[in-house]
Structure formats: C-alpha cells, structure tokens
Amino acid sequence: MSVGTVYQAKVRPFETRRLEGGRWACLSPVGEVAFLDAQILELLRTAPEEVDGDLRQCLKAKHFLTSSASTPGLDRLYASRLAEKAATAAGPPALHILVPTLQCAHSCQYCQVSRALDAQGFSMSQNEMLAACDTIMASAAETLTVEFQGGDPLNRFDLIQLAIEALAHHPARQGRAIRFVIASTLHQLTGQMCSYLRQYDVKLSTSIDGPAWLHNKNRPLPTRDSYARTLQGIELARAALGPDSVSALMTTTHHSIEYAEAIVDEYVALGLQDVFIRPLSPYGFAKRNLAYLGYSTQDFMRFYKRAVDRVLWWNGQGVAIREAYAGLILNKLISSFDAGYVDLQSPNASGRAVLVYNYDGWVYPSDEARMLAETGDTSFRMGAIGTPLEALLSCDVSSRIADQGDASGDPDCSACAFKSHCAPSPVDAAALAQGGHAAPTRETEHCRRQTAMFDFWLNRLGDVEGRGDTQTADLLARWAQPNSMAGAS
C-alpha cells in the first residue's frame, strides 16, 4: 500500500489573508497561523496529499489538515480547542463593571463621560450598588472580575467598600474567586484606603499618557500637576500593596503621535511591565473633540509600529516590557486559550460576557454603550439595576447585539479572514448612525482599527518567521498567553 493511500489528507476550514510581500497567511479558528507561498496554498486547497511531507505534518499539527481516516483523538482535540476559543462568548458573564460615580477632578478633552467633583446626581445610590452586587453573584461564572470605573471611583470609596464587602461575603459566592480592579487617577488614594484594599488583594489600574509634559497636556488639572500626583499614587500603592499592584495604560491623542519612543521609555523608567498603546475612543464627549485630538487609522498605525519597535528594542536590552494590545491580538491568532477580551469575540459578547452597572441606575452591555447614553442615545439600556440576571441576558438589547454582532450574517464580515477572532460592534455602528440608520461594519472605528491591528501582527509574525528570528517568535508567543493579560480588560 502506498504512502498516499495510507494518508488521505483532508483540509479543515481556514481563512486566508495576503501579506505585504505576496505570501499568504492561513488562519485557523483554533488559534494557529501558517505562512505559505501562493503555489503551496493552491496545492493545499486542491491536492493536499501532494504537499511536502514535512510541511504536511506541520499543517496537520496546526489543525489545517486531518485525515479522511478515523482520527477520534485529533477530532476531540480540535473540538476542544474550538470550544476553548468560544468559551468567553458562550459562557456566563464573568466581567462586571461598576460605575459608582462620574465625578472626577480632571477636565480631559478626550474624556467620554466624567463630571466635576461638585456636580450633583452623578453617583449610584447604596441600594443600587447592593442590587448590582446581587446580580453579579447570580452569574454562574466560576471566576468573577469586578472592575470599578468612573469618573474616578475613588471619589466614592464608600461605595467601593460597600460593594467589596457585599460581594466577598455574599451567600452565593460559594468559594468562587473574585478579582477586584479599580481604574483611577490614584490622586485620592490614601494609606488607609490601601490598608483596606490589601485585605481583598485589590488591583489598581491607572493612566500614564507619557512624559510629564504630555500627560499634563492630555489630562489637565487646575494645579497642573496631574502627572506628579499620579506618580505619588503609584508609589504609595507599590509600597503598601506590592510592586505589581498597579498597571497602566495610555490614550493616544494628536499630541502623542510624534512621541512613540518617549512614551514607551517613560513606562520603562517607571518600572511598568506593560504598556497598552490605546487609540482614542470616539464616544460620549470625546466625539466633540475628535477634529482637534484625532488622527487617521493610518497615522495611528505608524505611531503604533514605532512604539512596538521600541518595546521590542527594550526587550533586546534585557528589559521585560510587553505591549498589551499586541498580546490581545496575538492571543487570538496564535494561542490555544482565549484571554477573554470581550472586544475580540465572535459573535460579539457585549451584554453576555460583560455587564456594566452604571451610576444612572441602568445596566448596559458595554462601557461604550454607557458612554453613548451620555450623549442621548439610551437605546442600549438592558434594564434597571436590580433586574434579574436572566431577564437582562434575554432582553431585547441582548438579542439585538447577538443578532447584529454575528459575523456570519454580516456582509462586511462574511468574507473577512478575521471573522473567527472578531465580530461587528452594534454599539460602534449606532455611534456613527446617520438618519436613524446604523453605519455599515466596514465604516466603524471598531472594524478599521481591529483589521489594521490584525494585519500588522500577521505581517510581523510572517516577517519574524521568514527571518528565522526565534528569539522574537518566542517573545511574541509568551505575549499571546492568557496569563500575561492581567492588566487588560
């Protein structure tokens, strides 16, 4: 019996994307990538048994090929990896965002929603906070992440304590792990607060937009010392809660575009192990200032490339620092296990994997949806805080997102190479609505940005493989693992 008769190759589903140099990237839905010349790609599609033996074995190991013979072990592994990749979208809500208040001392021009410290009516009531906690604990998720956002939630530390106590000692907890995160400027952080946060291993997330002059320009205070006060908060938290208690991210404005290297260097100088190169969010009040603060996707990607190159340079110098956005994209492309990042789920997982309990007494499917409500579009309200979890998950908004956020039914997504790793954003489409009609997916910021990021990292991975750069390949593979995603939500 010939070798060809013994091994009848069968092609599993995969998508393709052409790279800048003319080669093709083949993407498996289970988190594998193969880079092939056009001729080999055609052979894979039409006569896979004729693919070179070593390459054929590699493609089999990456689940691009199987055998027409019975292979129950491989089939179970493939099914298991598909299920793992879909776990976040298919599972119960594990990420819960509490917005105790919109109050904040800053007057950032790109802020979506915050209000002045003396503004009235922009904080959640105690009863609403307790009701939100009951809904959170009704989730069947084995591990829960509860993130406090704002405004600056430390302005209502009383509500944070109320929630932590209610959740930590809730009768429905039943030994489940709860990860608490507070997103804050850290300006209000005190030693007494730290003593409390230490009891529950609460992590802190803050913003550093770059060197002091850039941070102060982007995040102004009347006292013009925003950067210095954030650094004081970081130092206090590290001393009281541990060196890894604080993570940071930045927001890219027009002022940032020329200073990619300086921004990364600032993170290195501060001893931060992650830098999240984050674009502007075109929601809420930030939308008004896009003409002044904004830039094109192409400009952002040029800036992003320089930042990534600087991060890789520092790693080459022995300084371990990761670009967090890269980790999220690489996790979709080359990791067997999903990191749970809600913005990159297929189908769209807003309103199922994540729920947002807002200061206004309503529950929203995403952070962007609650920001959209601040400018008058309340169409994504899922229900009042206190509505039973089952009712929230089966409400009209949740059903609409599930329907409109399904890549298989979207004409702009059906032929996209990334449809297994991403999906339409109905909230983003609504934000760009004109005349009552939502924008096509291809015109949304979500689609443009994620497509550009996937393309960038596919080309970078192909280049790394083509050069035989095993050191960088190993580094990127480490970035892709879910256990390196602690600072991303």
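The values are calculated or read from the model by the stated rules, or taken from the named source; none is laboratory data. All figures in this text were calculated on a predicted structure; none of them were measured in a lab. Ideal geometry is used to build each Cβ from the backbone, glycine not excepted, and the neighbour counts take in all protein chains shown.
Kindly indicate whether ARG12 is surrounded by 14 or more Cβ atoms within 10 Å (Cβ to Cβ), modelled with pLDDT of 95 or more and within 25 Å of ALA452 (Cβ to Cβ).
Values: surrounded by 14 or more Cβ atoms within 10 Å (Cβ to Cβ): yes; modelled with pLDDT of 95 or more: yes; within 25 Å of ALA452 (Cβ to Cβ): no.
Criteria not met by ARG12.
Name the single residue that is surrounded by the fewest Cβ atoms within 10 Å (Cβ to Cβ) among those in segment 20-60 being in a helix (DSSP H, G or I) and small (Gly, Ala, Ser). Full working, then the answer.
Step one: list which residues in segment 20-60 are in a helix (DSSP H, G or I), which gives 38-46, 48-50, 53-60.
Applying the additional criterion that residues be small (Gly, Ala, Ser) yields 38, 53.
Values: ALA38: 12, GLY53: 9.
Here the residue is GLY53.
Select from segment 390-407 the residues that are in contact (Cβ under 8 Å) with a residue 12 or more places away in the chain and among the small types (Gly, Ala, Ser) and list them in ascending order.
The answer is SER398, ALA402, GLY405, ALA407.
Kindly indicate whether any position in segment 346-357 is surrounded by fewer than 21 Cβ atoms within 10 Å (Cβ to Cβ) and under 30 Å from ALA34 (Cα atoms). Break it down stepwise before answering.
First, pick out the residues of segment 346-357 that are surrounded by fewer than 21 Cβ atoms within 10 Å (Cβ to Cβ): none.
No, because not a single residue in segment 346-357 is surrounded by fewer than 21 Cβ atoms within 10 Å (Cβ to Cβ) and under 30 Å from ALA34 (Cα atoms).
Residues of segment 251-287 being at pLDDT below 95 and part of a strand (DSSP E or B), which ones?
THR251, ARG278
Among the residues of segment 137-156, what is the count of those that are among the β-branched types (Val, Ile, Thr) and without any contact (Cβ under 8 Å) to a residue 60 or more places away in the chain? Steps first, please.
Residues of segment 137-156 among the β-branched types (Val, Ile, Thr): 143, 145-146.
Then drop every residue that is not without any contact (Cβ under 8 Å) to a residue 60 or more places away in the chain, which leaves 143, 146.
The number of residues fulfilling the criteria is 2.
Is one or more of the residues making up segment 466-474 hydrophobic (A, V, I, L, M, F, W, C), out of contact with any strand residue (DSSP E or B) (no Cβ under 8 Å at 6 or more places or on another chain), touching a residue at least 60 places away in the same chain (Cβ under 8 Å) and closer than 22 Å to ASN331 by Cβ? Reasoning before the result, please.
Here is the first cut: in segment 466-474, the residues hydrophobic (A, V, I, L, M, F, W, C) are 473.
Then drop every residue that is not out of contact with any strand residue (DSSP E or B) (no Cβ under 8 Å at 6 or more places or on another chain), which leaves 473.
Okay, now just the ones that are also touching a residue at least 60 places away in the same chain (Cβ under 8 Å), so none.
Taking every residue of segment 466-474 in turn, none turns out to be hydrophobic (A, V, I, L, M, F, W, C), out of contact with any strand residue (DSSP E or B) (no Cβ under 8 Å at 6 or more places or on another chain), touching a residue at least 60 places away in the same chain (Cβ under 8 Å) and closer than 22 Å to ASN331 by Cβ.
Taking SER420 as the residue in question, decide whether it is within 19 Å of the chain's Cα centre (by Cα), assigned to a loop (DSSP other than H, G, I, E, B) and of a type in the set (Ser, Thr, Tyr). Let's see the steps before the verdict.
Working: within 19 Å of the chain's Cα centre (by Cα): yes; assigned to a loop (DSSP other than H, G, I, E, B): yes; of a type in the set (Ser, Thr, Tyr): yes.
Here the answer is yes, as SER420 does meet what is asked.
Identify the single condition in (1) in a helix (DSSP H, G or I); (2) out of contact with any Phe, Trp or Tyr (no Cβ under 7 Å at 6 or more places or on another chain) that SER247 does not satisfy, given that it satisfies every other one.
(1)
Can you name every residue in segment 376-389 that is without any contact (Cβ under 8 Å) to a residue 24 or more places away in the chain and either more than 21 Å from ALA163 (Cα to Cα) or among the hydrophobic types (A, V, I, L, M, F, W, C) (or both)? So that I can check it myself, show each step before the final result.
Step one: filter segment 376-389 for residues without any contact (Cβ under 8 Å) to a residue 24 or more places away in the chain, giving 376, 378, 381, 383-384.
GLY376, THR378, ARG381, ALA384, listed by residue number.
Being free of Cβ contacts under 8 Å to residues at least 24 places away in the same chain and in contact with an Asp or Glu (Cβ under 9 Å, 6 or more places away or on another chain) is true for just one of ALA61, ALA47, ALA83. Which residue is that?
On the way: ALA47 fails: in contact with an Asp or Glu (Cβ under 9 Å, 6 or more places away or on another chain); ALA83 fails: in contact with an Asp or Glu (Cβ under 9 Å, 6 or more places away or on another chain).
That would be ALA61, the only listed residue that is free of Cβ contacts under 8 Å to residues at least 24 places away in the same chain and in contact with an Asp or Glu (Cβ under 9 Å, 6 or more places away or on another chain).
Step by step: first the residues of segment 316-333, then only those that are touching a strand residue (DSSP E or B) at 6+ places or on another chain (Cβ under 6 Å) and among the hydrophobic types (A, V, I, L, M, F, W, C), then the one that is nearest to ASP274 (Cα to Cα). Which residue is that?
ALA324
Just name the residue that is farthest from ALA431 (Cα to Cα) out of those in segment 362-399 that are of a type in the set (D, E, K, R) and at pLDDT 95 or above.
Just the residues of segment 362-399 that are of a type in the set (D, E, K, R), to begin with: 367-368, 370, 374, 377, 381, 390, 396.
Filter once more, keeping what is at pLDDT 95 or above: 381, 390, 396.
Details: ARG381: 14, GLU390: 27, ASP396: 19 Å.
The selected residue is GLU390.
Restricting attention to segment 300-349, report how many residues are touching a Pro at 6+ places or on another chain (Cβ under 8 Å), among the polar types (S, T, N, Q) and over 20 Å from LEU249 (Cβ atoms).
If we filter segment 300-349 for residues that are touching a Pro at 6+ places or on another chain (Cβ under 8 Å), which is where we start, we get 300, 331, 335, 337-340, 348.
Subset that is among the polar types (S, T, N, Q): 331, 335, 348.
Add one more test, that the residue is over 20 Å from LEU249 (Cβ atoms), and what stays is 335, 348.
Of the residues in segment 300-349, 2 are touching a Pro at 6+ places or on another chain (Cβ under 8 Å), among the polar types (S, T, N, Q) and over 20 Å from LEU249 (Cβ atoms).
Hey, could you check segment 316-363 for residues that are β-branched (Val, Ile, Thr) and part of a loop (DSSP other than H, G, I, E, B) and say which is nearest to the chain's Cα centre (by Cα)? It would help to see each step written out before you state the result.
Of segment 316-363, the ones β-branched (Val, Ile, Thr) are 319, 321, 329, 334, 342, 354, 356, 363.
Subsequent filtering for residues that are part of a loop (DSSP other than H, G, I, E, B) retains 319, 321.
Working: VAL319: 24, ILE321: 18 Å.
The qualifying residue nearest to the chain's Cα centre (by Cα) is ILE321.
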